[in-house]
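J.: I have a structure I would like to understand better, so I am pasting it below and will then ask my questions one at a time.
The values are calculated or read from the model by the stated rules, or taken from the named source; none is laboratory data. Just so we're clear, the structure is a prediction, and the values are computed from it rather than from any experiment. Every residue, glycine as well, gets a Cβ built from its backbone with ideal geometry; the counts of neighbours run over all protein chains shown. These accessible areas exclude ligands, DNA and RNA; they are computed on the full protein's heavy atoms, side chains included. Shrake-Rupley method; radii C 1.70, N 1.55, O 1.52, S 1.80 Å.
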Amino acid sequence: MPTIGGMQKASLPDTYGPFLGRATVEELTAAGNVERYFEKHWPNATVATVDARIIGVVVLRGALVDLAWVDPAFRSQGIGSALMAEADRQARGGELRLEVWKMNERAVAFYERLGFGAVEELDDPATGLAKLVMRKAVRSG
């Protein structure tokens, strides 16, 4: 069975390649960063599965949505919305916040549909690309 990291690694080139560049994405995955991330943050992860296959994940660290990811084959089917609804239920402190690359228009539009609004723009030091800091008020769980 593919792992959560395997699901994400397989879809990173198509998702991030257009604005990060394929070489940067390949460097990121070859360095083992994806595996280390999930080893560290697995206790904070909520996963979506189909037939025991992991097809999506959201990692919530306090009020920070640190990662939201859905296998491209399952996007636009409500999986991401369901994972984010679970993040809403788990949120502490009356809000959720996240960062997203501004060029990732699909993700920005998704978060806006869920009620997030951009509150700040900053430069990502690792890539030099603009990131949006987005926030959403939620009822504390």
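J.: From the phi angles alone, apply the Karplus equation (6.51, -1.76, 1.60; θ = phi - 60°) to region 44-58 and give each ³J(HN,Hα) in whole Hz, x where the residue is Gly or Pro.
T.: 9, 9, 10, 10, 10, 10, 9, 6, 6, 9, 6, 10, x, 8, 10
J.: Related question: When DSSP beta bridges are limited to those with both residues in the chain, what percentage is antiparallel, rounded to the nearest 5?
T.: Numbers: 25 of 26 bridges.
Restricted to the chain, the bridges split so that about 95 percent are antiparallel.
J.: Taking the alpha-carbon distance from Lys131 and a cut-off under 12 Å, which aspartates and glutamates remain once sequence neighbours fewer than 8 residues away in the same chain are dropped?
T.: Glu99, Glu105, Glu120, Glu121, Asp123
J.: Next question, about the same structure. Label-point separation (nm) for Arg36 and Phe19, each offset 7 Å from Cα along Cα-to-Cβ?
T.: Here the answer is 2.5 nm between the modelled labels.
J.: Under a 5 Å amide H to amide H cut-off, with H placed in plane at 1.01 Å, what residues pair with Leu129 once short-range neighbours are removed?
T.: Asp124
J.: For Asn104, which sequence-distant residues (separation of 5 or more, or a different chain) have an amide H within less than 5 Å of its own amide H, given hydrogens modelled in the peptide plane?
T.: So Asn104 has HN proximity to no qualifying residue.
J.: Separation of region 91-140 and region 12-79 by C-alpha centroid, Å?
T.: Taking the Cα centre of each part, region 91-140 and region 12-79 sit 16 Å apart.
J.: Can you list residues whose amide H is under 5 Å from Ile55's amide H, if they're 5+ apart or on another chain and H is modeled 1.01 Å from N?
T.: Ala48, Thr49, Val50
J.: Percent of accessible area on the chain owned by carbon and sulfur, 1.4 Å probe? Mind dumping the intermediate values first?
T.: Values: 3960 of 7880 Å².
So the carbon and sulfur contribution to the accessible surface is 50 percent.
J.: How big is the chain on each of its three principal axes, counting only the C-alpha atoms and giving the largest first in Å?
T.: Extents along the principal axes, in whole Å: 39, 38, 28.
J.: Also, I was wondering about something else. At 0.36 nm per residue, minus the direct Cα-Cα distance, what do Glu99 and Ala118 gain on full extension? Give it in nm, one decimal, please.
T.: Length gained, Glu99 through Ala118: 5.9 nm.
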